[in-house]
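The structure appears below as C-alpha cells.
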Amino acid sequence: MNPPHASADPHSDPGAALTFSFEGQTIAAAPGQSVAAALYAAGVRIFTRSFKYHRPRGLFCVSGDCPNCLMQVDGRTNVRTCIEPVQQGQQVCHQNAWPGLGFDLLHVFDRLDFMLPVGFYYKRFHKPRWLWPIFEHTVRHIAGLGKIDVHALPHVDAEVEHLHAEVCVIGGGPAGLAAAGAARNAGAQVLLLDRQTQLGGHLLDQGQTSDEIAKILSAGANGQGNLLSIHATAFGLYEGNLIGAFQGDKLLKIRAKQIIVCTGGRQQPFLFRNNDLPGIMLGNGVLRLGHQYGVKAGKRAVVLTDNEGGSRLAEQLAGMGIEVAAVIDLQPAGQGSVPTANRWPLLRSHGITAALGRRHLHAVQVARVDEKGVVDRRPVQEIPCDVLCLASRPAPANELLYQGGMRFQFENGCWLPRRAVPGLLAAGAAAGTFDLQAQIREGRRRGLEAAAALGYAVPELPELPSVPGAASAPLPFPSRSAAGKSFVCLCEDVTMKDIDQAIAEGFDGIETLKRYSTVNMGPCQGKMCGATASALCARFTNRDLGSVGTTTSRPPVVPVELAVLAAEQQHHPIRRTPLHHWHQAAGAQWLDAGLWKRPESYGDPEVEVRAVRTRVGLIDVSTLGKIELIGPDAVQLLERVYLNKWGDLKVGRSRYGAMCTEEGILFDDGVAARLGPEHFYLTATTGNAEAVFQWLELWKATWRLNVTLLNQTSAMAAMNLAGPKSREVLGRLTKLDVSPQGFPYQAMREGEVAGVKCRLLRIGFVGELGYEIHCPSSHAWHLWEALIQGGAEFGLKPFGVEAQRVLRLEKGHLIIGVDSDALSNPLDAGLEWMVRFDKPMFHGRDFLLRLKAMKSHARLVGFQMLDSKRIPSEGCQVVEQGRPVGRVTSSRYSPTLERSIGLAWVPTTRAVVGERFWIRWNDGDVPAVVARLPFYDPDGKQLRS
Amino acid sequence: MAGNEMRSSGNGAVALSPCHHWHMQRGAQFTTSDGWQLPARYPDEQPESAHRSGAGLVDLSSAVKILIQGVGVTAVARGLLGNDPGHLLRRVIPLPGEGQGLACRLSMERWLLLVMSGATALRERLANLTAGQAVVTSDVTSATAVFGLVGAQIDPVVRRLTGLDATFVGLPLGTCAETTLAGVQALLIRPPWELATLLVSVSWDLGEYVWEQLLEAGRGEVYPLGVERWRQLIR
C-alpha cells in the first residue's frame, strides 16, 4: 500500500526510516508516521492495559480520542501514541502493566471483578477498619496511569501567543474548509485551526488528495480577505469568544469576533462481549491507519455497522487489500439497510454477541437482532477475522459548542444545535450534518453568515441542508442478561452491567450516573462513551434520549500539558530601583519585597548599623510610595483619611501620619510634606504604595473633592542619608542651608544636591539625624554616587533593609503590616497620641471612639529578654498559664544596646514597663520583660540634633 | 493650577535610562544629549535594512513626557494642536512644531505629550496655555520608560506578550491603548508615522524587565538599535 502522508514505507525503504526504541527493541518508522502506527506495522497489537481490570487493549480510534494507546514517550506519561509523530531516537515504553504488556499480573482483577462492582470505592475497604492503611497503600500503588519521574527537570519551554481574527474556524474538514473559504471570499480575516498537520479532516481518512481538498477551500475564491491556516488543537472555548489552543509547547489564546466550530463527528463503539479486544477498531481508525500512515490493520475484516456507511467502508477496505469476511448490519428489519454487495456476505438485522480471542481478535460470534433492537444471546455463526471494523453512526464532536453556550436537542436520531449564541456558529458533523455535500453547503453558509455579521457584503445565503444526515434507528444493544463484559467506557472499565447496576441503585440521572459509575470521567472525557452511556440510561430508565440529555462539557476538550497551560504565567516582573545595579556591584544580598528587589545587606548588617549610629549611612528607599496631592481640597482629603491633623501643617514642614480603614484598622503610614498651600507630597510603605494611591483616588471620587493625585512612585527615587555625620556630607553637596536652624527636624526643602533638583525631608525613621532625599529616577545614580563619594571621608556606608529594621526597632518605630495585623488598631498599637478625635470626621473615627470607651485587651509593647543573648523568632507566641495570649512581631539583636530587643502584643494587664511575661520557645517558655520605648535615644536628641 | 515641575537637572548631572546597565553590558557606545546618556550604537548592530525583515528595539526613555489632566485639558489640547481634538479617545496626534512629538489622549481629561528631545518651546507654550485653566501638568519623564519597536516583525513579538490586538487592525496608526504587557501595565502607542513603529511605555522601575522581555519574545527577530540608527530611520 502506498501511504500518501507518511513519506515512506520503512520496511521497503530502510534507508529513509527513522528508528525509535520500544521496550528495548528498535522499531523502524517512516517520517510522518505516528508512534502507534509504526508499532502496529512492526506487529505490536497490545498497546496498553486497561485501568481497572488490566485487560489487553489495542489500537481503537487512531485519532487521539480513546485511552487505548497511552504510553510513556521520552519520560512523558499518557502520550496518545496514535497521534504522536515519530521522532528519531524516541524512547517509548508501556505503562500501567507489570511486568509487561504481554503478561500483566494485575490482570487477575479481571477474574476478581465480583469484588469490584460499580461504585466499589463506596462499598469496599470499610471493614475491618484497621485494614484501611494496607488498603490505602495498595490502592495508591495500583491506581493511576504512568509514572512521573519526579527527578526529571520540568518541561519549561512553553510559551504563550495571543492571536486575533475576525473569523476563527475550528476544524479543517470539509465544512471548516468551506466556511473558511466563504468568509475569506467575503473579505474577512480568517484564522483556520486544525489539529492535523494537513487540512481535510475525515477526507484524509478516505484517501482524498490535497488537491481535492484545496478545491473545496478555494471554491469561489476572489482574494478579498485573508486566510491563515495553522496546525493547532483547540481545547476550550471561554467567555468573550476566547479560544484556548495549543501548538506543540505553545499556548495560543485566540480572540475572534466570530467563531465557526467544525470539529466533525466521532464513531462510537458497539456493545457486545469482549468489545475491547485488540483487533476491534473504529472504521475510521482503520482507514486512517491505512491512508495516512500506510499500515494495514489486518488481513481479514468483519464490518459491523448501523448505517449505510458500512458498505462504503467495506469497499474501502477491499481497496486497501483487506479481505472483507462479512458486513453485519445491526439495523432491525424495516429501519433502513446497508446496500447489498455481491463481493462479501451481508448479514442484515444481525449483531455480534461476542468477540473471541485472548490477546487478539480471531473470530466474532454473530446473532440476530430482534424487532426491539436487542441482539439475541444465541449465536448463529462464527466468522474468523483478525480485525473488526465498527462503522457506527458518528456522534457530533460538539464539546466546544457546549462550552460556548450552545445547547442541543435530540431529533431524528441526532443531537442538533438549538440555541443560537451570538458570534458562535457550527457546521458539519459537529452540528449534526453528516452528508459530505450538505457539510460543504452548510460550511459555506456559516462562513457567509459570519462575514455578514462583521458587516461584509455577502451574496445570497445558500439554503441550509433541510434533513440531517443521521438515521433514526436507536442503537441496538445486547440483552441485559448477556454474559461477559461489554464495555461502555474504555477509560474506566465501566461495563453495561455496571450502568444497569448503578441505575438500579438509584443513580438514574446522567450526571449522577457519571459521578457514581465514573463513566465519562476518564482520559477520553466521554468522547467514546458519552453517547452510549446516555443511550443506555435512556433504555434502562425507559425514557427518550432527549430527556436523559448529556453530561456537561468543560475545558479542556483534549488533554493539555500543565506546562503549556502554565505558559501564561511565564512572566515574573521585577521592579528595580534606579540604583539596582549599583547595589548588585556592591555585593548586595537581595530581599524580595513584592515585585521589588531590595538590598537586604551588603555583607554585615551589624557593621552597617554601627556606621549609621556612629558615622553616616545611606540606604536606597526608592521603593516607598510617593504621591502628590494638588488642589484646593488636598487638605480636606488628608484630614479625612489620616488620623492626625494636616490643616495646621506649615508650607515647608512635614509630619508623620497613619491611616485606618473605616473599621479603625491600621492601614498604612508615612510622612507627608506641604509643598504649597494646596500641594502635598506624601510617602506610603513599599507594600501599600499602590493600595494607598487607589484608596485616595477612591475617596477623592466618593467625596467629589477637587484634588489631583499624581503617583510619583516610579518617577522619584529616594535615599535616606542618616547618621551623626549626615549634615556634613550633605553640606558638601548642596547650597541649601543645612544647619539645625536652617533645616530643622521635620522640615522640607527643595533644592539642588550634586546638581540634581531634589526634595529633602529631614526625618529619622532610623532614629538619627537624617535626610530623605527624593530626586527624579533618571538622576538617582548620579546623586547616589555623589553622596557615596562625598561621604567617603566621613566613613559613609551603604546599608540595607536588615540594618534599617534593627535601627528602627532600637528607636521603637513600628512597621505596619509587620507589627500590626488585620485586627490592629492605632490605640492599642501605641499611636493614640496621633488620633485626633477633635476632627469632625476621619476614617475609623466612630470605631476608634467606641474602642476607646471599651477596655483594651492587648497592647503593642517593647520588650527585652532576661537572657539578653536570646532572640525569639518573630511570630513566637506570648503565653500565659500555657495559653497563647499574644505574639512577638519584631525581634533583633541590637548591636548598639548589645542585647536582644523586640516588639510584642501582650495582654493589657502585662503592658507595664518592668512586667514579666513568657514567650514560647521551641519546647519551653522563656521570660521577657516589658521595656520602655524607644530603646535608643529616648529623648530624641540624636534625631533633632 | 500649578503642576509638578521636578524635572531633569543641569550642572553636569547625567540622566540615565532604566536600561543603562543593559546597554553598557552590551558594549554600547554612548552619546550625551540634553543631559542624557544614550546608547548611540552597539558593536554588533544590524545593518540599516534589518528592520525590513526583523525589528529594531530602541530605548527612548529620554523622551520628554508631560501629563496634562483636568477638566480644562481639552482647551489646552486645542491650543497645542491648533484644532479641535474632538471626542475620540485613544487618539495619537502629531504635535505641531515638535518633530516626532506626539499628543496621546488617554482619557477625556488626560493627555500625554511625548517629545523625543528638548522641549523648551513646548514647556513655554504649555505654561501659556495652562495659565488660568483647571489643569495639572506633570513632567513624567522619569516616571515612564519608553521603547520603540520598529520594523516588520513587531506583531509576532508583541502578540507573545499581550492579549491586546496590537496589529494595524486592532491598533491602527494614530491610536494608543493601555494594556498588560509581559504581566505589567503598559501604554502602547502607534504613531502616525510612515515607518512601522510601536512605542511601548511602562513604569520606570519595570523598564529593564520589559526591555528584556521584548528582546526575549523576539529572539532572533528583534535586535537593539542605537539612537543614531533610530534617528536615521525616523528622519
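The values are calculated or read from the model by the stated rules, or taken from the named source; none is laboratory data. Please read all numbers here as calculations on a predicted model, not as lab measurements. All Cβ positions, even for glycine, are placed from backbone atoms using ideal geometry, and neighbour counts span all protein chains on display. In case anyone asks, the SASA skips ligands and DNA or RNA and just uses the protein heavy atoms, side chains included. Shrake-Rupley method; radii C 1.70, N 1.55, O 1.52, S 1.80 Å.
Summary table below
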| quantity | calculated |
| --- | --- |
| Qualifying helices (runs of 4 or more DSSP H) (wholly inside the stretch B:134-235; at least 1 residues being open to solvent by 10 Å² or more (accessible area, probe 1.4 Å), at pLDDT below 95 and within 14 Å of another protein chain (Cβ to nearest Cβ)) | B:154-158, B:207-217 |
| Residue check for residue B:193: more than 25 Å from residue A:776 (Cα to Cα) and under 15 Å from the mean Cα position of the chain (by Cα) | yes |
| Candidate set from the stretch A:539-556 (those that are open to solvent by 70 Å² or more (accessible area, probe 1.4 Å) and free of Cβ contacts under 8 Å to residues at least 60 places away in the same chain); member that is farthest from the other protein chains (Cβ to nearest Cβ) | A:542 |
| Residues that are touching a Leu at 6+ places or on another chain (Cβ under 9 Å), open to solvent by less than 30 Å² (accessible area, probe 1.4 Å) and closer than 19 Å to residue A:243 by Cα, drawn from the stretch A:426-456 | A:426, A:430, A:431, A:447, A:450 |
| Condition met for residue A:271 (open to solvent by less than 10 Å² (accessible area, probe 1.4 Å) and in contact (Cβ under 8 Å) with a residue 60 or more places away in the chain) | no |
| Any chance residue B:38 is open to solvent by less than 80 Å² (accessible area, probe 1.4 Å), more than 9 Å from chain A (Cβ to nearest Cβ), of a type outside the set (Lys, Arg) and under 30 Å from residue A:753 (Cα atoms) | yes |
| Residues of the stretch B:46-62 classified as more than 29 Å from residue A:780 (Cα to Cα) and open to solvent by 10 Å² or more (accessible area, probe 1.4 Å), total | 8 |
| Residue identified as buried (at least 22 other Cβ atoms within 10 Å of the Cβ), among the hydrophobic types (A, V, I, L, M, F, W, C) and not in a strand (DSSP E or B) among A:814, A:851, A:823 | A:814 |
| Answer residue from the stretch A:889-903, given it is closer than 16 Å to residue A:607 by Cβ and touching a strand residue (DSSP E or B) at 6+ places or on another chain (Cβ under 6 Å) and is most open to solvent (accessible area, probe 1.4 Å) among those | A:893 |
| Search result, residues across the stretch A:667-687 that are within 29 Å of residue A:609 (Cβ to Cβ) and open to solvent by 40 Å² or more (accessible area, probe 1.4 Å) | A:687 |
| Members of the stretch A:622-643 found to be open to solvent by 10 Å² or more (accessible area, probe 1.4 Å) and either in a helix (DSSP H, G or I) or polar (S, T, N, Q) (or both), listed by number | A:635, A:636, A:639, A:640 |
| Near pairs, Cβ below 7 angstrom, 6+ apart or cross-chain, from the stretch A:375-387 (over 25 Å from residue A:60 (Cα atoms)) to any residue that is open to solvent by 80 Å² or more (accessible area, probe 1.4 Å) | A:376/A:368; A:380/A:368 |
| Qualifying residue in the stretch A:557-566 (condition: within 14 Å of chain B (Cβ to nearest Cβ) and in contact with a Pro (Cβ under 6 Å, 6 or more places away or on another chain)) | no |
| Test: residue in the stretch A:753-762 that is modelled with pLDDT of 95 or more, touching a Phe, Trp or Tyr at 6+ places or on another chain (Cβ under 8 Å) and among the aliphatic types (A, V, I, L, M) | yes |
| Leading residue by the ranking (nearest to residue A:710 (Cα to Cα)) among those in the stretch B:100-111 that are of a type in the set (A, V, I, L, M, F, W, C) and surrounded by fewer than 22 Cβ atoms within 10 Å (Cβ to Cβ) | B:106 |
| Those strands (runs of 3 or more DSSP E) lying entirely in the stretch A:710-799 with at least 2 residues more than 14 Å from every other protein chain (Cβ to nearest Cβ) and open to solvent by less than 10 Å² (accessible area, probe 1.4 Å) | A:716-722, A:770-776 |
| All strands (runs of 3 or more DSSP E) inside the stretch A:295-392 with 2 or more residues being open to solvent by less than 40 Å² (accessible area, probe 1.4 Å) and not hydrophobic (A, V, I, L, M, F, W, C) | A:350-356 |
| Subset of the stretch A:398-439 [among the polar types (S, T, N, Q) and part of a loop (DSSP other than H, G, I, E, B)] | A:398, A:412, A:433 |
| Residues satisfying the stated conditions in the stretch B:51-75, i.e. farther than 15 Å from residue B:144 by Cα, among the hydrophobic types (A, V, I, L, M, F, W, C) and more than 14 Å from every other protein chain (Cβ to nearest Cβ) | B:55, B:57, B:75 |
| Condition broken by residue A:106, with the remaining ones in (1) open to solvent by less than 20 Å² (accessible area, probe 1.4 Å); (2) of a type outside the set (Phe, Trp, Tyr); (3) over 30 Å from residue A:244 (Cα atoms) satisfied | (1) |
| Pairs, first on the phi > 0 side of the Ramachandran plot in the stretch A:823-839, second open to solvent by less than 30 Å² (accessible area, probe 1.4 Å), C-beta under 6 Å, six or more apart | A:830/A:860 |
| Given (1) in a helix (DSSP H, G or I); (2) surrounded by fewer than 22 Cβ atoms within 10 Å (Cβ to Cβ); (3) at pLDDT 90 or above, number of the condition residue A:164 does not satisfy | (1) |
| Those residues of the stretch A:904-938 which are more than 17 Å from residue A:892 (Cα to Cα) and in a loop (DSSP other than H, G, I, E, B), in sequence order | A:911, A:912, A:913, A:914, A:915, A:922, A:923, A:937, A:938 |
